[in-house]
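The next block holds one structure in the form of structure tokens; read it before the comments.
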Amino acid sequence: MTLGGWLRRAERLYAKHGVALGQTAALAHDEALYLILRTLGLPLDSGPSVLGRKLSAPESAEIGAVFDRRLAGRVPAAYITREAWLGGMRFYVDERVLIPRSYFVEIIPEQAGPWLPDPARVTRIADVCTGSGCLAILLARHFKKARLDAIDLSADALEVAKVNVRRHKLSGRVRLLRGDLLDPAPGGRYDMILCNPPYEPTAHVDALPEEFRREPRLALDGGPDGLALVRRLVGQSARLLKPRGVLMIEVGGGRDAFDREFGHLEPHWFQTMDGSDCVCLIQAARLAPRHARARS
Ligand SMILES: C[S@@+](CC[C@H](N)C(=O)[O-])C[C@H]1O[C@@H](n2cnc3c(N)ncnc32)[C@H](O)[C@@H]1O
């Protein structure tokens, strides 16, 4: 069989098994091709001619075993290959962390830049709920003078983040801290506090497709209405932001509820390519007590 033949077979199998997509790729074709290329150790940017490559019997068997894990076993592709890509960067991942797919990748740096007093002078950033460390690393790459505090409650997740921070040679600028939201922040104020928290309402988590339930529950469950952590983070951020600093949060499907509760803080919602517009920015000045009083 050729590689292209296996790809067509895999696409049929994806449809038959009705697997969920969205962690590694949006289309079965793309995820299947990715898994075949990775299994054979071929470059991910191989041209169309690779489809005609003949497979040996052992290669074909190896690919079959990978699709068995993915389709019958419902193991997410990224946990099979132990990698995920975000913003053109490669991250180590395993079952201890959420598979990176944050909408922040569309927003950092271009869309966020104009909201910062001077991106070149951003010196302190907190990435709360850092998971694999992917967003802290993206931020460190963009804000070259910044030092980052990457915080997570999960010691397991921080082990994964440590691997990624080392691989991207950022140990000198990204500090990993364990604790609840901003509790471990060591003092001083941030130019930016960014957070992709768990935001699925608890009742939705058990109804997620099996692939998604393979991810740590701690990374998904945002409490009864999905905003439990968001609510606490908004409360903590005022005292930890510089006067012209910004808080940026991804809220998933919680935008309407967020606006009802925090509309008085005048959040700016960023546009995302799929129209979900679920990342907002709040300026530190809006978080000041005067605004909080205006609400009550
Ligand atoms: C949605 S994942 C985001 C991971 C990563 N930032 C990303 O975008 O891929 C949420 C992360 O929040 C962490 N977390 C959950 N509750 C937390 C809390 N109270 N304080 C800090 N981190 C928490 C989880 O362990 C998980 O790694």
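The values are calculated or read from the model by the stated rules, or taken from the named source; none is laboratory data. Small disclaimer: the values here were computed from a predicted structure and weren't measured. Virtual Cβ from ideal backbone geometry, glycine too; neighbours counted across all protein chains shown. Ligands, DNA and RNA are excluded from the accessible area calculation, which covers all protein heavy atoms including side chains. Shrake-Rupley method; radii C 1.70, N 1.55, O 1.52, S 1.80 Å.
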- Going from most exposed to least, what order do His264, His142 have by accessible area with a 1.4 Å probe? His142, His264
- Query: Between Arg147 and Ala257, 0.36 nm times their residue separation minus their Cα-Cα distance comes to what?
  - Reply: 36.3 nm
- Kirkwood calc, the range 1-85, C-alpha pairs only, radius in angstrom 12.8
- So if we plug the beta-carbon distance of Lys242 and Val163 into 1/(1 + (r/R0)^6) with R0 = 41 Å, what FRET efficiency do we get, rounded to 0.05? 0.85
- Query: About its Cα centre, how strong a charge dipole does the range 152-238 have in debye, to the nearest 20, once Lys and Arg get +1 and Asp and Glu get -1 at the Cβ?
  - Reply: 640
- Query: Can you pull the accessible area of Arg173 for me, 1.4 Å probe, Å² to the nearest 10?
  - Reply: 60
- Query: When only the heavy atoms of the protein chains count and the probe is 1.4 Å, how do Glu31, Glu200, Glu62 rank by accessible area, highest first?
  - Reply: Glu62, Glu200, Glu31
- Item | Estimated FRET transfer efficiency (Ala203, Asp277; beta-carbon r; R0 25 Å; 0.05) | 0.60
- Query: Based on the Kirkwood radius over alpha-carbon pairs, what is the Stokes-Einstein translational diffusion coefficient of the chain at 20 °C with 1.002 mPa s viscosity, in µm²/s?
  - Reply: 105
- Item | Computed lengthening from Leu27 to Leu51, 0.36 nm per intervening residue step minus Cα-Cα distance | 6.9 nm
- Accessible area (Å², 1.4 Å probe, nearest 10) - Ser60: 30
- Message: Can you compute the label reach from Asp180? Point 7 Å from Cα along the Cβ direction, backbone N cut-off under 18 Å, restricted to the range 212-231.
- Response: 218-231
- Accessible area of His17 in the full protein assembly, 1.4 Å probe (Å², nearest 10): 70
- Query: So which GluC sites (Glu not before Pro) in the range 105-170 end up in coil per DSSP with only 15 or fewer other C-beta atoms within 10 Å?
  - Reply: Glu110
